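FYI, it's all coordinate maths here, none of it is from the lab. Computed from a predicted structure; not experimentally measured. Heads up, the Cβs are rebuilt from the backbone with ideal geometry, glycines too, and the neighbour counts pull from every protein chain shown.
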Amino acid sequence: MIDKMFAEHFAADWIESWNQHDLVRILSHYTDDFEMSSPVIVEVAGEPSGTLKGKDAVGSYWSKAFQLVPNLNFELVATLVGVNSITLYYNGVRGASAEVFHFNLDGKVTRAYAHYR
């Protein structure tokens, strides 16, 4: 079960690592074989399913995103805590955004789903 302190620490570190464009630090939050789903994957990575698997594939996608949006910056609005998941609601490049993160017992993200307005 995820507690509020873990969720707040994760949220702060995740937002800061994105705002610093630190891909190594961003990827440190995830398992090697995690899955990422986002409608932007269809646009940027050309993957019709909208899902990528593994740090190599997702890391390449995020690296390309940094090149396409060099001023990428996120502002955390709220952190919502579930049983083994966290949802971050934030303002980003596309405006209001939310990502749902599912965690394993080691506190690493195994699946993530991005949602945009």
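A few notes on this one:
- Note on the stretch 4-116: with charges restricted to the Cβ of Lys and Arg (+1) and Asp and Glu (-1), its dipole about the Cα centre is near 100 debye.
- Calculated Rg and Dmax of the chain using C-alpha coordinates, Å: 13.2, 37
- Cα-based helix-to-principal-axis angle, 4-19 vs the chain, degrees rounded to 10: 20 degrees
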